[in-house]
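Engineer: Handing you a structure now.
The values are calculated or read from the model by the stated rules, or taken from the named source; none is laboratory data. This one's a predicted model, so the numbers in the text were calculated from it and none came from an experiment. Here the Cβ is made from the backbone with ideal geometry for all residues, glycine too, and neighbour counts use every protein chain on show.
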């Protein structure tokens, strides 16, 4: 929790658009991880495994409530630099919130959490070409949203 909690919370906050939901899903992520720990393959990396649990919980959240995320709250940006409240930062958060969840997830993992394509594949269970395609589509949609056009 000390090592990966902040990263996973940030991912969940941006994925759900809710600091409250992110806190609940973060707790659930680590509860599930703890219960599944005995079956963890020690040769596999811990970080992608934890992100996979968080990603699955986030997907369940959207299926259960059939909702799109709202704009992430400023408190979800606790690790962001001091200019986090600038208009461009707020516009970016708003645009991220408008991306479809499957595109936003890939973009967050790659750009904000520094995961490799291989790690994202491990987290999502998708092939490398699918992940690359989602990243490309996410960037295109984000650019269109920031330019004020509909994606």
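Engineer: What residue, of 73, 77, is buried (at least 17 other Cβ atoms within 10 Å of the Cβ), under 21 Å from residue 23 (Cβ atoms) and at pLDDT below 80?
Structural biologist: Among 73, 77, only 77 is buried (at least 17 other Cβ atoms within 10 Å of the Cβ), under 21 Å from residue 23 (Cβ atoms) and at pLDDT below 80.
Engineer: Restrict the check to segment 12-30 and report whether at least one residue is touching a helix residue (DSSP H, G or I) at 6+ places or on another chain (Cβ under 7 Å), within 21 Å of residue 102 (Cβ to Cβ) and assigned to a loop (DSSP other than H, G, I, E, B).
Structural biologist: Within segment 12-30, one or more residues are touching a helix residue (DSSP H, G or I) at 6+ places or on another chain (Cβ under 7 Å), within 21 Å of residue 102 (Cβ to Cβ) and assigned to a loop (DSSP other than H, G, I, E, B).
Engineer: Are there any pairs, at least 6 apart or on different chains, whose C-beta atoms fall under 7 Å, with the first in segment 3-26 and touching a residue at least 60 places away in the same chain (Cβ under 8 Å) and on the phi > 0 side of the Ramachandran plot and the second assigned to a helix (DSSP H, G or I) and surrounded by fewer than 19 Cβ atoms within 10 Å (Cβ to Cβ), and if so, which?
Structural biologist: 17/97
Engineer: Hey, can you tell me all the residues within segment 93-116 that are more than 9 Å from the chain's Cα centre (by Cα), surrounded by fewer than 16 Cβ atoms within 10 Å (Cβ to Cβ) and over 10 Å from residue 138 (Cα atoms)?
Structural biologist: The answer is 94, 111, 114, 116.
Engineer: So residue 89 ticks every box in (1) closer than 21 Å to residue 5 by Cβ; (2) modelled with pLDDT of 50 or more; (3) over 13 Å from the mean Cα position of the chain (by Cα) but one. Which box is left unticked?
Structural biologist: Unmet condition: (1).
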